[in-house]
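Data block below; observations after.
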Amino acid sequence: MDTLNDISQTTQNYGADEIQVLEGLEAVRKRPGMYIGSTGPRGLHHLVYEIVDNSIDEALAGYCSKIEVAILKGDIIRVTDNGRGIPVGIQPKLGIPAVTVVFTVLHAGGKFGGGGYKVSGGLHGVGASVVNALSEWTEVQVCDGHHIYHQRFERGNAVNDLHIIGETSSTGTTVTFKADPLIFTETEVYDYETLATRLREQAFLNAGVNIQLTDERDSENIISENFCYEGGVSSFVEYIHKKRSLDVIHPDIIYFSAKNEDDTASAEIAMQYNDSYNELLLSFANNIHTNDGGTHVEGFKRALTKVMNDYARKFNILKENDKNLSGEDVREGLTAVISVKLKEAQFEGQTKAKLGNTAIRTLVDKLVSEKLEQYLEENPATAKAIFEKALMAAKARDAARKARDLARRKTAMEGAGLPGKLADCQSRNVEETEIYIVEGDSAGGSAKGGRDRRFQAILPLWGKMLNVEKARLDRVYGNDKLMPVITALGCGIGDEIDLSKLRYGKIIIMADADVDGSHIRTLMLTFFFRFMRPLIEEGHVYIAQPPLYRITKGKEHHYAYSDTERDKIMSELGGKYEIQRYKGLGEMDSDQLWETTMDPATRIMLRVEMEDAAAADEVFTILMGDKVEPRREFIEKNARYVQNLDV
Ligand code: TTJ
């Protein structure tokens, strides 16, 4: 191995390669979004994931048993592992130490020779050099069992050569960095829960890896948590059910795993059924959350449906002339974690959150087909519980189909097939049409009076609607509050949804800014999330923001949409003025409603977006489910984020 003076000697004269290296990192600073997605909170947290992923790889290779992540004062991050330590030997091609290459050459991450494959996280392992480029400073310390090596970088540039600062018998790597305020706006600080959620997930996905998170920013109140799960993905399923207080219908967590012949890919599946009507499939490829699924999920679904129907036929659970169980029937109440690791993962789709490797579909299909059938035969009590639920789901689906057809015949008999209360718009161009779902007949009246009938439709809703969190499809069909919405939107619900038939480009929920309005909004969002999720995924759902106050001074009037805005207007106006607190939409006449909440030129609307389906599922299950304790906990934890609380 090269001695240190070799290192210092060879790094004096920068060759062409080194200059190209520095230009590479300049590109990262010019367009950070290309490498970490955004320079907002998500991008900031992404820096941590990029560094931690390297230590996780070292743990997966079997050389690291402990990873420590610390958030230090000043939002500095320190990641330490007790692995072999990043190699310090001279990298022949560039003539500089391998560890310096890792921090200064783009995409230089991954394995330094040797077997195994790097399972990267985040934006697929852009590597430590990107973190270095986007940090005001980065310090790396490597212990190789003899010496302690140290090097410092500033905004990607080495400010010294790798040098020895001491002797040691231990091995490992420590990286400390401060995100660059020139790249990340000053207000960006790390959110403990965000990091905890991600590190916990990585511990579930890599059984036995021990990850410690500590927040030292408040020296009076240091928080620390340890994540280590020998049960891996099975512990993940257990955690999901516990966190949501869901009742399981069989005590055991079903677990399978397999590798392919040449060991270039592996798959793990953990699954358990609960008594809800919702399914939650969490899928990962190389520890990356494939939010949009892909071949591993397709293989799982296909095999599950086939095994369940074959088993049902074999044991006469399904009679000769019974229809097959559908995919939805066999997945009702199912929580499953599907985790695959493979050499050359291909990610597809706009957000690269969908796995494309076709061989993985076969690997997972084969794994489930063989192992699930065997499991069901060896665990008849579990099989019984699962089939009872699937048969109930199938019956409900049949009832739903009948209720839907009945409802359709009923509306057809009523005439145009559209709900009586709908004030439709003239345009049929979905690019411009909007439907306001308005709480209450009086607000519905004002909205009808104030709207632009060319492209705005109004559907007044009245009273509280069904909380669908605990309802199957059959109870949704025929529900007199939801059917008008389903019919007006025209695109069907559940597995029959077809957005090409959607009649309005924007679906705008307009309810009072009070507790009742919030409840109506939440019930409507629960319905869209559970039975029309593509509407949210495709960005069609909005929440209207009516003003909270009207401030009048003489002939002049202003609208305030928050308490802060109200105070700002009051201080600007000064002197005498009148303030009206709107308790409900009904207090506004048509013109005011148009001007403040419906005119596209002036209105403020919130688009409902879903960053992470699993996180949304957790919120809806906790808030709308029937368990009180987790709801109380959630509200206590999140009360600080509530604005304009009206009690
Ligand atoms: C690679 O194979 C040869 C011996 O060292 C292996 C390695 O790179 N191990 C390694 C890298 N352990 N930890 C890292 C690492 C840790 C942090 C915190 C950050 C980075 C960029 C790498």
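Evaluation of residue 179 against the conditions (1) over 18 Å from residue 63 (Cβ atoms); (2) in contact with a Ser or Thr (Cβ under 9 Å, 6 or more places away or on another chain); (3) away from the ligand (no atom under 16 Å from the Cβ) shows that the sole unmet condition is (3). Filtered by the rule that a residue be farther than 28 Å from residue 586 by Cα, in contact (Cβ under 8 Å) with a residue 40 or more places away in the chain and crowded, with 16+ Cβ neighbours inside 10 Å, the range 476-500 gives 476, 477, 478, 491, 494.
Looking only at the range 477-496, residues that are assigned to a helix (DSSP H, G or I) and out of contact with any Phe, Trp or Tyr (no Cβ under 6 Å at 6 or more places or on another chain) come to 9 in all.
The number of residues in the range 229-259 that are more than 13 Å from residue 200 (Cβ to Cβ) and among the aromatic types (Phe, Trp, Tyr) comes to 2.
One residue alone among 444, 440 is crowded, with 18+ Cβ neighbours inside 10 Å and free of Cβ contacts under 8 Å to residues at least 24 places away in the same chain, and that residue is 444. Residues in the range 593-647 that are touching a residue at least 24 places away in the same chain (Cβ under 8 Å), surrounded by fewer than 17 Cβ atoms within 10 Å (Cβ to Cβ) and of a type in the set (S, T, N, Q): 643, 644. Looking at the range 316-331, which of its residues are in contact (Cβ under 8 Å) with a residue 24 or more places away in the chain and part of a loop (DSSP other than H, G, I, E, B)? The answer is 317, 323, 325, 326. Number of residues in the range 54-68 that are among the hydroxyl-bearing types (Ser, Thr, Tyr) and either more than 8 Å from the ligand (Cβ to nearest atom) or farther than 15 Å from residue 287 by Cβ (or both) equals 2. Scanning the range 219-260 for residues that are among the acidic types (Asp, Glu) and either at pLDDT below 95 or under 19 Å from residue 332 (Cα atoms) (or both) gives 238, 247, 252.
Within the range 74-86, restricting attention to residues that are surrounded by fewer than 19 Cβ atoms within 10 Å (Cβ to Cβ) and away from the ligand (no atom under 12 Å from the Cβ), the residue that is nearest to residue 198 (Cα to Cα) is 75. Remark: pairs (first residue in the range 75-102, among the acidic types (Asp, Glu); second residue more than 12 Å from the ligand (Cβ to nearest atom); Cβ separation under 6 Å; 6+ apart in sequence or on different chains) = 75/189; 75/190. Looking at the structure I just gave you, is residue 301 of a type in the set (Lys, Arg) and within 16 Å of residue 613 (Cβ to Cβ)? So residue 301 fits the description; yes.
For the range 160-176, enumerate the residues that are in contact with a Gly (Cβ under 8 Å, 6 or more places away or on another chain) and away from the ligand (no atom under 16 Å from the Cβ).
169
Exactly one residue among 44, 94 is assigned to a loop (DSSP other than H, G, I, E, B) and away from the ligand (no atom under 12 Å from the Cβ), and that residue is 94. When the range 416-475 is filtered for residues that are farther than 28 Å from residue 401 by Cα and part of a helix (DSSP H, G or I), the ones remaining, listed by number, are 441, 442, 443, 444, 445, 446, 447, 448, 449, 450. Scanning the range 541-555 for residues that are touching a residue at least 12 places away in the same chain (Cβ under 8 Å) and over 12 Å from residue 605 (Cα atoms) turns up 548, 549, 550, 551, 552, 553. For the residues 51, 71, the requirement of being touching a residue at least 12 places away in the same chain (Cβ under 8 Å) and either more than 11 Å from the ligand (Cβ to nearest atom) or in a strand (DSSP E or B) (or both) singles out 71. Of all residues in the range 575-587, which are farther than 19 Å from residue 457 by Cβ and touching a strand residue (DSSP E or B) at 6+ places or on another chain (Cβ under 9 Å)? Correct list: 575, 576, 577, 578, 579, 580, 581, 582, 584, 587.
Kindly indicate whether any position in the range 59-68 is in contact with a Ser or Thr (Cβ under 6 Å, 6 or more places away or on another chain) and either at pLDDT 95 or above or surrounded by fewer than 19 Cβ atoms within 10 Å (Cβ to Cβ) (or both). Within the range 59-68 (the criterion being in contact with a Ser or Thr (Cβ under 6 Å, 6 or more places away or on another chain) and either at pLDDT 95 or above or surrounded by fewer than 19 Cβ atoms within 10 Å (Cβ to Cβ) (or both)), the answer is yes, since at least one residue qualifies.
Got at least one residue in the range 162-176 being assigned to a loop (DSSP other than H, G, I, E, B), surrounded by 19 or more Cβ atoms within 10 Å (Cβ to Cβ), at pLDDT 95 or above and touching a strand residue (DSSP E or B) at 6+ places or on another chain (Cβ under 9 Å)? Within the range 162-176, one or more residues are assigned to a loop (DSSP other than H, G, I, E, B), surrounded by 19 or more Cβ atoms within 10 Å (Cβ to Cβ), at pLDDT 95 or above and touching a strand residue (DSSP E or B) at 6+ places or on another chain (Cβ under 9 Å).
Yes/no per residue for (1) part of a loop (DSSP other than H, G, I, E, B); (2) at positive phi; (3) at pLDDT below 90; (4) touching a Pro at 6+ places or on another chain (Cβ under 7 Å):
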position	(1), (2), (3), (4)
552	no, no, no, no
558	no, no, no, no
567	no, no, no, no
586	no, no, yes, no
618	no, no, yes, no
626	yes, no, yes, no
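All conditions but one from (1) buried (at least 17 other Cβ atoms within 10 Å of the Cβ); (2) in contact with a strand residue (DSSP E or B) (Cβ under 6 Å, 6 or more places away or on another chain); (3) modelled with pLDDT of 95 or more; (4) within 28 Å of residue 207 (Cα to Cα) apply to residue 145; the one that does not is (1). Which residues, counting only those in the range 141-159, are more than 11 Å from the ligand (Cβ to nearest atom), out of contact with any Leu (no Cβ under 9 Å at 6 or more places or on another chain) and within 21 Å of residue 77 (Cβ to Cβ)? 148, 152, 153, 154, 158, 159 - these are the residues of the range 141-159 that are more than 11 Å from the ligand (Cβ to nearest atom), out of contact with any Leu (no Cβ under 9 Å at 6 or more places or on another chain) and within 21 Å of residue 77 (Cβ to Cβ).
The values are calculated or read from the model by the stated rules, or taken from the named source; none is laboratory data. For clarity, every value in this text was computed on a predicted model and none was experimentally measured. Glycine also receives a Cβ, built like all others from the backbone with ideal geometry; neighbour counts cover every protein chain displayed.
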